[in-house]
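Heads up, the thing below is written out as structure tokens.
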Amino acid sequence: MTMNDFRRDPAEVLAELAALREGDAPTHGGRVLSYVYDSGLAELDELSAAAARLVQPVNGLDPTTFTSVAAMEAGVVGFARRVFHGETDGSDSAEVVVGTVTSGGTESCLLAVKTARDVWRAARVGTPRMPRIVAPITVHAAFHKAAEYFGLVLDLVPVDPATGTLAASAIEDRLGDDVALVVVSAPSYPFASLDPVADVAAVCRARGIALHVDACIGGFALGFWPDELPAWDFRVPGVTSLSADLHKYGYAPKGVSVLLTRGRDRQRHQYFRTTGWPGYPVVNPTMTGSKPAGPLAAAWSITEVLGEDGFAELLAKTARATTALREVVEGIEGLRVVGVPTGPLFAVATDASVEPERRVDPHHWADAARGSGWFLQLQPGLAQPDGTRLPHTTHLTITPVTEQVVDELSTALVAAADAVRGVPQVDGQLVLAGLADALPGGVEPLLAASGGLDSDTAAGLLGAIGLLGGEGGGLPSQLAPVLALVEALPSELTGRLLVELLARVVEPVSPVE
Ligand SMILES: *Cc1c(COP(=O)(O)O)cnc(C)c1O
């Protein structure tokens, strides 16, 4: 086959892809304040691309065959171990911090749970009980996924509803022999609260319970943060594992994170191995088999090129931008920053201490900012297990590039607040009532069916909300009503609808007769 036999001209296909990319939210320039982490250095993106290109044909599955993978992985794990204070003289196997490069934060968290479960099981031969994970409610959803995938009970501990902070005693109260793992965050995604790692570690250690620090978002930021922080990493005895994403504040393209574990023997439980089939022996530290080496190569190159000093310099920019934006938001009448955020992210809620007509609803605020080209992330309110309610908020993640646009963004944030001040939060019950009118059978049968809805009914409901089947697809311009519905509907039903939405978005168009 030669190029003349190709069905389409590669250049034309690439042009089509470039046109599709035009429809994406902007990945560079600091206009999207979640999902993307722009160093502001085009050279780093070029470096990543070149590194990934070099290893493009490599299979990361086998570092003994493709030895570049072993060298790069050791390099990245070594870098992370220095940053997170996990270096020892190596003589004590139980204290040595070892690690694995994974495909992302979720895989790091999944593996931390699987490892802890298997360590727990190994010490309790014949124990039939399902082990528990104990974590604050602010813990990342990846741990919900891990509990579901690996058969553990996720026991969520309420946090202070006003500030999102966790009391170590609340974790301690839940500990028992069936706890395979405690998880804390450094910091949490929703409110950027730095959990009391040392206090939680002390009680876990006293009982021999494993403790994971989820530093997926914040690790490579807090590790270089200009202000003094309480110890939250391997300096704290009792921390048994830690995850940190290189595709966040490591500025690598998506698909790379690191999971560090204290103790060689503990970490060996992470591996899956079998020689019980007629093919090659399978020995996998991660969930995938064959895997790309590109994201690893990009991350390794970036750590080599920047070094600790380069990371610190980029973080200094990020920290300055974060401080500036927090001050701007704190100065906006009707809004408040939630709790005491640590690191380059924070959440914004309504300031209920001012008169209702002076309050700013964070979701209307985000929609107004979106109208001027700034994408903030809406977070729904949530009832905690103790009946208290976490506020609905808007989330901002700040990256090095943000410093270049701080003035422009500040102006937009102030203007957005002025545009919606006094507009009350969307009433989810009213949205629901409106929906009931639009649906032939009313909304009752849907609520009754809840998560058990069939696909076509779910799609019909999404259409009625305007989330499916509209012109050109994509999200509506106002997200506040959508989030209000998320808060008002039973979570089973919301979950089912969101599954339908995501599934339909990627479904190929059926050929017409
Ligand atoms: C991003 C994140 C994760 C999950 O990471 P992915 O890379 O999106 O899979 C886990 N924990 C926290 C705190 C995060 O912010």
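The values are calculated or read from the model by the stated rules, or taken from the named source; none is laboratory data. Values in this document were obtained by computation on a predicted structure and should not be read as measured data. Heads up, the Cβs are rebuilt from the backbone with ideal geometry, glycines too, and the neighbour counts pull from every protein chain shown.
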**OP:** Have a look at Val119, Val125, Val134 and point out the one that is in contact (Cβ under 8 Å) with a residue 12 or more places away in the chain, more than 15 Å from the ligand (Cβ to nearest atom) and more than 21 Å from the chain's Cα centre (by Cα).
**Re:** Val119
**OP:** Name the single residue, out of those in region 163-182 being within 22 Å of the chain's Cα centre (by Cα) and touching a residue at least 60 places away in the same chain (Cβ under 8 Å), that is farthest from the ligand (Cβ to nearest atom).
**Re:** Thr163
Original post:
Which condition does Lys145 not pass, out of (1) within 11 Å of the ligand (Cβ to nearest atom); (2) under 19 Å from Ile209 (Cα atoms); (3) among the basic types (Lys, Arg), if it passes all the others?
Top reply: (2)
**OP:** Kindly check whether there is at least one residue in region 364-372 that is assigned to a strand (DSSP E or B), buried (at least 23 other Cβ atoms within 10 Å of the Cβ) and touching a residue at least 12 places away in the same chain (Cβ under 8 Å).
**Re:** no
Subject >> Residues located in region 85-116, provided they are in contact (Cβ under 8 Å) with a residue 24 or more places away in the chain, at positive phi and away from the ligand (no atom under 16 Å from the Cβ) >> reply: His85
Original post:
Hey, any hits in region 328-343 for a residue that's surrounded by 15 or more Cβ atoms within 10 Å (Cβ to Cβ) and of a type in the set (S, T, N, Q)?
Top reply: yes
Original post:
Scanning for something in a helix (DSSP H, G or I), over 30 Å from Val338 (Cβ atoms) and touching a residue at least 24 places away in the same chain (Cβ under 8 Å), does region 307-324 turn up at least one residue?
Top reply: yes
Subject >> Qualifying residue in region 74-84 (condition: within 16 Å of the ligand (Cβ to nearest atom) and either within 24 Å of Pro57 (Cα to Cα) or among the aliphatic types (A, V, I, L, M) (or both)) >> reply: yes
Original post:
Do the conditions hold for Leu175, that is, is it of a type in the set (A, V, I, L, M), surrounded by fewer than 23 Cβ atoms within 10 Å (Cβ to Cβ) and over 22 Å from Glu87 (Cα atoms)?
Top reply: yes
Original post:
Do we find that Ser450 is assigned by TED's automatic domain parsing to the domain that holds Ala368, surrounded by 15 or more Cβ atoms within 10 Å (Cβ to Cβ) and not aliphatic (A, V, I, L, M) in this structure?
Top reply: no
Subject >> Among the candidates Asp233, Asp214, residue that is closer than 27 Å to Thr303 by Cβ, acidic (Asp, Glu) and within 14 Å of the ligand (Cβ to nearest atom) >> reply: Asp214
